[in-house]
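The block underneath contains the structure these notes are about, expressed in structure tokens.
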Amino acid sequence: MREGAINNRKVAIVGCGFVGSATAFCLMQSGLFSEMVLIDADHDRAEGEALDIAHGIPFIGHVDIYAGTYDDIVDAAIVIITAGANQKPDETRLDLVHKNVGIFKSIIPEIANRNYQGIILVVSNPVDILTYVACKLSNMPEDRVIGSGTVLDTARLKYKLGEHLNVDSKSVHAFIIGEHGDSEIAAWSSANVSGVPLNDFCELRGHFQHEESMDRIAEEVKNCAYEIISKKRATYYGIAMSVKRICEAIVRNDRSILPISRMIHGEYGIEGMALSMPAVLGEDGVQTRVPIALNEDEQKKLKQSADTLASVIKELDLN
């Protein structure tokens, strides 16, 4: 991380709704940060969340958590943006785009105008498009503007495969890539369980109907959020834990490979688009892009996913 300008133990969260407050609570328990500033258009809401979480400090250890303003972000290692309209039961993530682009037009310039030198982590949906918007509006180096991408979708895939195979999901190595949304792709061709190709491991566990199982699991993963939203109106715990994992990789300089949303330039024939793809993530953001092996069908679906997002971006006014 850039020495002098950045406090590696400080994080800022913009937006104190369900996702922002759950993220703050999760990060407070993680011990990653000693200082946390919460920012919201409703300052009282930010103060209330900060006070509520702060009352748990005697159980955790000291964290300076408070409601602040954009002036407080200048030395934060990471600014996490969760602000935006919530996805309703009958909406797709792409349906949110115009509402949330408008909100980002008020947030991102506030960050850019302070010559911010840390990392922007976009969590608001649709995350890939809003990561693109944050890149364009901030004029920051692209490697330091990332989105939570398909980190949660990938965790859901590993969870589902772990259940299907009755093995520890941490032993499952597989990615959801592309859009964090309806055109997401399960990269089955590179999936494995502790180095054993997925189909081979399935047969070891007595499963032989590979295509049927893969289609079912991929569909379940894609629809997880819709199911949760229909039952409790919002998803926030899973994404909060995903954000914690991303923050760990950054502040600890873990150089973890995570499928974050990032700008794509030339990979798989895609240019100038933010998509969720694996990358080595460390203290300065994206360190190395990871071109995982994809079969012809997966590459075609990835290009279609990019085209879906590109068609939406063409309609945006980012001036």
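The values are calculated or read from the model by the stated rules, or taken from the named source; none is laboratory data. No experiment lies behind these values; they were computed from the predicted model shown. Note: ideal-geometry Cβ built from the backbone for every residue, glycine included; neighbour counts use all protein chains shown.
Contact list please: Cβ distance under 8 Å, first residue in the stretch 3-28 and assigned to a helix (DSSP H, G or I), second residue acidic (Asp, Glu), pairs at least six apart or on different chains.
Gly20/Asp40; Gly20/Glu49; Ser21/Glu49; Ala24/Glu49
Condition test on Ile146, is it buried (at least 19 other Cβ atoms within 10 Å of the Cβ), touching a Lys or Arg at 6+ places or on another chain (Cβ under 6 Å) and not in a helix (DSSP H, G or I)?
Answer is yes for this residue.
Pull up the stretch 57-83, narrow it to residues that are surrounded by fewer than 14 Cβ atoms within 10 Å (Cβ to Cβ) and assigned to a helix (DSSP H, G or I), then point me to the one that is modelled with the lowest pLDDT.
Ile60
Among the residues in the stretch 45-52, are any acidic (Asp, Glu) and either at pLDDT below 95 or closer than 27 Å to Asp143 by Cα (or both)?
Within the stretch 45-52 (the criterion being acidic (Asp, Glu) and either at pLDDT below 95 or closer than 27 Å to Asp143 by Cα (or both)), the answer is no, since none of the residues qualifies.
Any residue that is part of a helix (DSSP H, G or I) and under 20 Å from the mean Cα position of the chain (by Cα) - is there at least one of those in the stretch 36-52?
For the stretch 36-52, residues part of a helix (DSSP H, G or I) and under 20 Å from the mean Cα position of the chain (by Cα): absent.
For residues that are among the polar types (S, T, N, Q) and under 25 Å from Leu281 (Cβ atoms), scanning just the stretch 97-124, find the one that is surrounded by the fewest Cβ atoms within 10 Å (Cβ to Cβ).
Only one residue fits best here, namely Asn115.
Restricting attention to helices (runs of 4 or more DSSP H) lying wholly within the stretch 182-288, give those where 1 or more residues are at negative phi and basic (Lys, Arg).
Passing ranges, in order: 210-232, 237-251.
Looking at the stretch 27-53, which of the residues that are surrounded by fewer than 16 Cβ atoms within 10 Å (Cβ to Cβ) and hydrophobic (A, V, I, L, M, F, W, C) is farthest from Gly17 (Cα to Cα)?
Leu51
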